[in-house]
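Asks: Take this structure, written in structure tokens, and hold onto it; I'll ask about it next.
The values are calculated or read from the model by the stated rules, or taken from the named source; none is laboratory data. Because the structure is predicted, anything quoted here is derived from the model rather than measured. Every residue, glycine among them, receives a Cβ derived from its backbone with ideal geometry; neighbour counts consider all protein chains shown.
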Amino acid sequence: MRSFRGRVFRVWMAPLMLAMLGAAQAAPPWPAGPVKLVVPFAAGGTTDLLARIVAEGLSKGLEQTVIVENKPGAGANIGAAEVARAAPDGYTLLMGTPGPLAINPYIYPKMSFDPARDFAAVSYVADVPNVILTHPASGIKDIPDLLARARREPGKLNWGSPGVGSTGHIALELLKQLAKVDISHVPYKGASQASADLLAGHIELAGDNVPTALENVRAGKLVALGVASQQEIEVLPGVRPVGQTVPGYLLPSWFVIVAPAGTPQPVVDRIAATIDAFERQPATVEKFRALGAVPVGGKPERLAAHLKAEQARYGELLKDMKGNIQQ
């Protein structure tokens with residue numbers, strides 16, 4: 001009787017096992033095709049520069065093409081929303097920054113995605129200091145000089161940013177809040193317009209990421225007044241941290257990779273491990289160092305904790321600025 005039952009069980013299970021085996025064989029290994037890395041900003045900025053370095057490393061490590069696709073607009077919300085809506089299969093990734101992942105929910109009254117819910121943390125790519133810049137014709141030499149001028153001539157200095165609620169705008173509002181100075185905000189439609197007017201001397205001040213500011217500072221076209229980091233950075237020797245003059249002024253930019261929520265964990269882990277291994281290579285460290293960026297890497301859990309902390313930090317930071325930064 002037991003033998004008969006065993007034979008019946010085996011006969012019944014055989015088709016099921018074959019079906020499961022067939023499904024497993026039918027599922028292609030990941031990645032079976034190109035991976036798209038969406039940059040929610042225009043080409044040429046810091047996010048784009050770092051994304052292309054990471055894409056090169058991912059492409060080699062995964063042995064598959066990684067395509068960088070620029071999708072700028074709405075403070076990076078357009079590109080981020082596209083990734084949030086994408087299939088959670090590992091073939092669409094976002095090069096994220098504080099804007100779409102931590103700041104924008106406090107600025108834009110209507111968001112088509114929730115940064116805390118709609119993304120899976122993958123890899124913490126890099127930290128990049130921000131820098132306060134001026135045109136040489138302004139005659140301003142450093143942060144103490146800037147503050148003295150702003151107090152002598154309240155409201156007369158103009159600070160350009162990529163737009164209302166951008167990181168460059170928040171950098172200004174934080175300086176005004178902590179240093180108790182009056183500097184006028186000039187919002188532009190993108191970083192390139194603000195940079196062009198600063199280079200032309202039409203405005204006196206702006207904030208920028210170090211990588212995109214370096215060339216103009218080294219050429220003498222712009223003057224770096226202070227870095228929004230805890231200590232001096234190698235690529236801008238002699239430029240002091242703003243916090244040494246304005247206690248509490250710290251506004252680093254971070255650059256991360258996230259995927260649509262629900263992306264399989266083995267895929268997430270493989271991407272993270274590939275980026276981590278790439279960022280440990282001496283050649284990669286040198287590429288980042290030359291830009292003034294600090295590679296971070298690590299496991300997805302590290303990034304998830306960082307994003308949660310930054311979303312809370314910006315929520316507190318922006319409470320007192322709400323009237324000035326909302327869209």
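Asks: Take the residues in the range 269-295 that are assigned to a helix (DSSP H, G or I) and touching a Lys or Arg at 6+ places or on another chain (Cβ under 9 Å); name whichever of them is farthest from residue 259 (Cα to Cα).
Replies: Step one: filter the range 269-295 for residues assigned to a helix (DSSP H, G or I), giving 269-279, 282-291.
Going one step further and asking which of them are touching a Lys or Arg at 6+ places or on another chain (Cβ under 9 Å), we end up with 269, 272-274, 276, 278.
Details: 269: 11, 272: 11, 273: 15, 274: 15, 276: 16, 278: 19 Å.
Among residues in the range 269-295 that are assigned to a helix (DSSP H, G or I) and touching a Lys or Arg at 6+ places or on another chain (Cβ under 9 Å), the one farthest from residue 259 (Cα to Cα) is 278.
Yes/no matrix, rows are residues, columns are (1) in the same structural domain as residue 151 (by TED's automatic domain parsing); (2) within 22 Å of residue 96 (Cα to Cα); (3) touching a residue at least 40 places away in the same chain (Cβ under 8 Å):
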{"site": "173", "(1), (2), (3)": "yes, no, yes"}
{"site": "176", "(1), (2), (3)": "yes, no, no"}
{"site": "180", "(1), (2), (3)": "yes, no, no"}
{"site": "183", "(1), (2), (3)": "yes, no, no"}
{"site": "186", "(1), (2), (3)": "yes, no, no"}
{"site": "190", "(1), (2), (3)": "yes, yes, yes"}
{"site": "194", "(1), (2), (3)": "yes, yes, no"}
{"site": "198", "(1), (2), (3)": "yes, no, yes"}
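Asks: Which pairs do you get when a residue that is closer than 16 Å to residue 178 by Cβ, found in the range 233-246, comes within reach of a residue that is in a loop (DSSP other than H, G, I, E, B) and at pLDDT 95 or above, reach meaning Cβ atoms under 9 angstrom, with the pair 6+ apart or on two chains?
Replies: So the pair list comes out as 240/142; 245/142.
Asks: Taking into account only those residues within the range 253-265 that are in contact (Cβ under 8 Å) with a residue 60 or more places away in the chain and outside any strand (DSSP E or B), which is surrounded by the most Cβ atoms within 10 Å (Cβ to Cβ)? It would help to see each step written out before you state the result.
Replies: Within the range 253-265, the subset in contact (Cβ under 8 Å) with a residue 60 or more places away in the chain is 253-264.
Filter once more, keeping what is outside any strand (DSSP E or B): 261-264.
Numbers: 261: 15, 262: 12, 263: 22, 264: 14.
Only one residue tops the list, namely 263.
Asks: Got a number for residues in the range 32-42 being more than 24 Å from residue 129 (Cα to Cα) and either assigned to a helix (DSSP H, G or I) or in contact with a strand residue (DSSP E or B) (Cβ under 7 Å, 6 or more places away or on another chain) (or both)?
Replies: Within the range 32-42, the first condition is being more than 24 Å from residue 129 (Cα to Cα), and the residues that meet it are 32-36.
Subsequent filtering for residues that are either assigned to a helix (DSSP H, G or I) or in contact with a strand residue (DSSP E or B) (Cβ under 7 Å, 6 or more places away or on another chain) (or both) retains 34-36.
Of the residues in that region, 3 qualify.
Asks: Every residue in the range 296-312 that is touching a residue at least 60 places away in the same chain (Cβ under 8 Å) and assigned to a helix (DSSP H, G or I), please. Talk me through it step by step, then tell me what you get.
Replies: Within the range 296-312, the subset touching a residue at least 60 places away in the same chain (Cβ under 8 Å) is 296-298, 300-304, 306-308, 310-311.
The answer is 300, 301, 302, 303, 304, 306, 307, 308, 310, 311.
Asks: For residues that are more than 17 Å from residue 130 (Cα to Cα) and part of a helix (DSSP H, G or I), scanning just the range 179-218, find the one that is farthest from the chain's Cα centre (by Cα).
Replies: Of everything passing the filter in the range 179-218, 179 is farthest from the chain's Cα centre (by Cα).
Asks: Sticking with this structure for a sec: Looking only at the range 136-154, count how many residues are under 24 Å from residue 291 (Cβ atoms) and either buried (at least 24 other Cβ atoms within 10 Å of the Cβ) or of a type in the set (D, E, K, R) (or both).
Replies: 1
Asks: Quick one: would you say residue 275 is crowded, with 21+ Cβ neighbours inside 10 Å, in contact (Cβ under 8 Å) with a residue 60 or more places away in the chain and within 29 Å of residue 57 (Cβ to Cβ)? Steps first, please.
Replies: Details: crowded, with 21+ Cβ neighbours inside 10 Å: yes; in contact (Cβ under 8 Å) with a residue 60 or more places away in the chain: yes; within 29 Å of residue 57 (Cβ to Cβ): yes.
Here the answer is yes, as residue 275 does meet what is asked.
Asks: For the range 215-233, enumerate the residues that are within 27 Å of residue 247 (Cβ to Cβ) and either outside the structural domain of residue 194 (by TED's automatic domain parsing) or not β-branched (Val, Ile, Thr) (or both). Walk me through it before giving the result.
Replies: Narrowing the range 215-233 to residues within 27 Å of residue 247 (Cβ to Cβ): 217, 222-233.
Listed by number, the residues that qualify are 222, 224, 225, 226, 228, 229, 230, 231, 232.
Asks: While we're looking at this one, here's another question. In the range 43-101, how many residues are among the hydrophobic types (A, V, I, L, M, F, W, C), over 26 Å from residue 281 (Cβ atoms) and assigned to a helix (DSSP H, G or I)? Spell out how you get there, then give the answer.
Replies: Initial filter on the range 43-101 (among the hydrophobic types (A, V, I, L, M, F, W, C)): 43, 49-51, 53-55, 58, 62, 66-68, 74, 76, 78, 80-81, 83-84, 86-87, 93-95, 101.
Pick out the ones that are also over 26 Å from residue 281 (Cβ atoms) and you get 74, 76, 78, 80-81, 83-84, 86-87, 101.
Add one more test, that the residue is assigned to a helix (DSSP H, G or I), and what stays is 74, 76, 78, 80-81, 83-84, 101.
Of the residues in the range 43-101, 8 are among the hydrophobic types (A, V, I, L, M, F, W, C), over 26 Å from residue 281 (Cβ atoms) and assigned to a helix (DSSP H, G or I).
Asks: Quick one: which of 133, 157 is modelled with pLDDT of 95 or more and buried (at least 23 other Cβ atoms within 10 Å of the Cβ)? I'd like the intermediate steps shown before the answer.
Replies: Numbers: 157 fails: buried (at least 23 other Cβ atoms within 10 Å of the Cβ).
Step by step, each of 133, 157 is checked, and only 133 is modelled with pLDDT of 95 or more and buried (at least 23 other Cβ atoms within 10 Å of the Cβ).
Asks: Name the single residue, out of those in the range 211-244 being surrounded by fewer than 19 Cβ atoms within 10 Å (Cβ to Cβ) and of a type in the set (S, T, N, Q), that is farthest from residue 52 (Cα to Cα).
Replies: Residue satisfying both the conditions and the ranking: 244.
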